[in-house]
Amino acid sequence: MIVLDKLYDVIIIGGGPAGLSAAMYAGRARLSTLLIEKDAYGGQIVITSEIENYPGGMGHESGADLIKRMVAQVDRFGADKVTDTIIDVDLESDTKIVKGQKGEYRGKTVIIATGAQPRPIGCPGERELISKGVSYCATCDANFFEDFEVFVVGGGDSAVEEAIYLAKFARKVTIIHRRDALRAAKSIQERAFANPKIDYMWDSVVVELKGDGILTSMVVQNVKTNETREIFADEEDGTFGVFVFVGFLPNSKVFEGKVAMQDNYIIADENMHTNVHGVYVAGDIRIKKLRQVVTAAADGAIAAIEAEKFLEEG
């Protein structure tokens, strides 16, 4: 039961893998814990149809299945949960105030785990075909496209690095970039240009993705000539992959001016400490190299343990 005037040991904002992991560890440590999620638990991972690279996973389980088990663990360890959208925070005093649309919550420590979301193309058909040919994570989904043709949208470091990774699985990788030159670091470009499986579609953007339950074609437009053409899946394959790497959108707006940030990501050390005492960060919202379920869960565990130490030291 949520008591609005209760002073919690730990308030966790965000119910993705990082927040759920933090809630598990905090609850297991017998800390009074409140987990606040604005919508559905799980974050980005709930749209993943199959997870094969989570250590100790159940095999071909969906992201939703994994999150269901994590939520059950949180409940078993006694953390309180509430659905609310956070609109402001006051993190400076010893008692942290987290203000939601439904009420205010007070905590001795706060763990921020609000995540980040891939920046979408924004074209028709994209949302409907997520996990049905459209992906935002090569590490997660590359093996599903082994010996298939895939397209990578973007031209920065992440896009080109992921194209190189995808080339280990796909028979052909085509980078679609809106400019006539890549933006990635020269060293990364050199590796891509040296890979015979990687091709390029310059001055182009994806304007529509099509398919009835699975991606079967896409419409690409040349930004200089405005000419459009439709690319269809190979008849034998029946589908192809579109991997989108045009940046991320960290969910950090409510924390602007409250904790130190860089490019809208929260800055933290390896122990998840922010620049504010008693405030920690975990998961995709922090500056980090690898954004995966396993690293988010690790972040959450570390943040909860650090919060416990903070409380013990008084």
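The values are calculated or read from the model by the stated rules, or taken from the named source; none is laboratory data. Remember, predicted model here, so these are calculated numbers, not experimental data. Here the Cβ is made from the backbone with ideal geometry for all residues, glycine too, and neighbour counts use every protein chain on show. For the accessible areas, the whole protein counts, side chains as well, though only heavy atoms, and no ligand, DNA or RNA atoms are used. Shrake-Rupley method; radii C 1.70, N 1.55, O 1.52, S 1.80 Å.
A few notes on this one:
- Three-way shape label, the stretch 85-134, alpha-carbon gyration tensor, a/c 1.5: prolate
- Surface analysis of the chain yields an accessible area of 49 Å² per residue, using protein heavy atoms and a 1.4 Å probe.
- Separation of the Y165 and K186 label points, Cα + 7 Å toward Cβ, nm: 2.6
- Set K38/K96; K96/K288; K6/K99; K68/K108 screened for pairs whose C-alpha atoms are more than 22 Å apart: K96/K288; K68/K108
- Summing Lys and Arg as +1 and Asp and Glu as -1 over all other residues whose Cβ lies under 13 Å from the Cβ of G211 gives a net charge of -3.
- Other residues lying with their Cβ under 13 Å from the Cβ of E128 contribute a combined charge of 0, Lys and Arg counting +1, Asp and Glu -1.
- For the chain, a Gaussian network of Cα nodes joined below 10 Å ranks A18, A282, A79 by mean-square fluctuation, and the top entry is A79.
- Efficiency of FRET from Cβ geometry, K99 and K132, R₀ 41 Å, rounded to 0.05: 0.60
- Summed side-chain charge close to V89 - residues other than V89 whose Cβ falls under 13 Å, Lys, Arg +1, Asp, Glu -1: -1
- Computed with the Debye formula from one identical point scatterer per Cα of the stretch 242-302, without solvent, the log10 of I(q)/I(0) at q = 0.18, 0.26 Å⁻¹ comes to -0.63, -1.17.
- Rolling a 1.4 Å probe over the protein heavy atoms leaves Y165 with an accessible area of roughly 70 Å².
- Rel. contact order, % - alpha carbon contacts under 8 angstrom, at least six apart, the stretch 16-131: 27
- Seen through its C-alpha gyration tensor, with square-root eigenvalues sorted a ≥ b ≥ c, the stretch 38-161 comes out prolate because a/c lies at 1.5 or above while a/b is bigger than b/c.
- Exposure check, 1.4 Å probe, all protein chains in place: L311 carries approximately 50 Å² of accessible surface.
- The stretch 66-218: relative contact order as a whole-number percent, Cα under 8 Å and 6+ apart: 18
- Each of the peptides 105-111, 234-240, 201-207 was scored by the mean count of other Cβ atoms within 10 Å over its residues; in descending order, highest first, they stand as 105-111, 201-207, 234-240.
- Of all lysines in the structure, the ones whose alpha carbon falls short of 23 Å from that of K210, not counting any fewer than 8 places away in one chain, are K132, K172.
- By accessible area with a 1.4 Å probe, ligands and nucleic acids excluded, highest first: order of S135, S32: S32, S135
- For peptides 291-303, 61-73, sequence by mean Cβ density within 10 Å, most packed first: 291-303, 61-73
- A simple rule links phi to the HN-Hα coupling: the Karplus curve 6.51 cos²θ - 1.76 cosθ + 1.60 with θ = phi - 60°, which for the stretch 306-314 gives 5, 5, 4, 4, 4, 5, 5, 7, x Hz, with x for Gly and Pro.
- Across the chain, the relative contact order, built from alpha-carbon pairs under 8 Å that are at least six residues apart, equals 21 percent.
- Gain on full stretching of the segment that runs from D234 to A260 - 0.36 nm per residue minus C-alpha separation: 4.5 nm
- In the chain, the longest principal axis of the Cα atoms and the axis of helix 17-28 are about 30 degrees apart.
- Helix content alone sets the calculated 222 nm mean residue ellipticity of the chain: runs of n ≥ 4 DSSP H residues at -39500 (n - 2.57) each, divided across all residues, give -6500 deg cm²/dmol.
- Here the spin labels are modelled as points 7 Å beyond Cα on the Cα-Cβ line, and at D199 and V223 they lie 2.2 nm apart.
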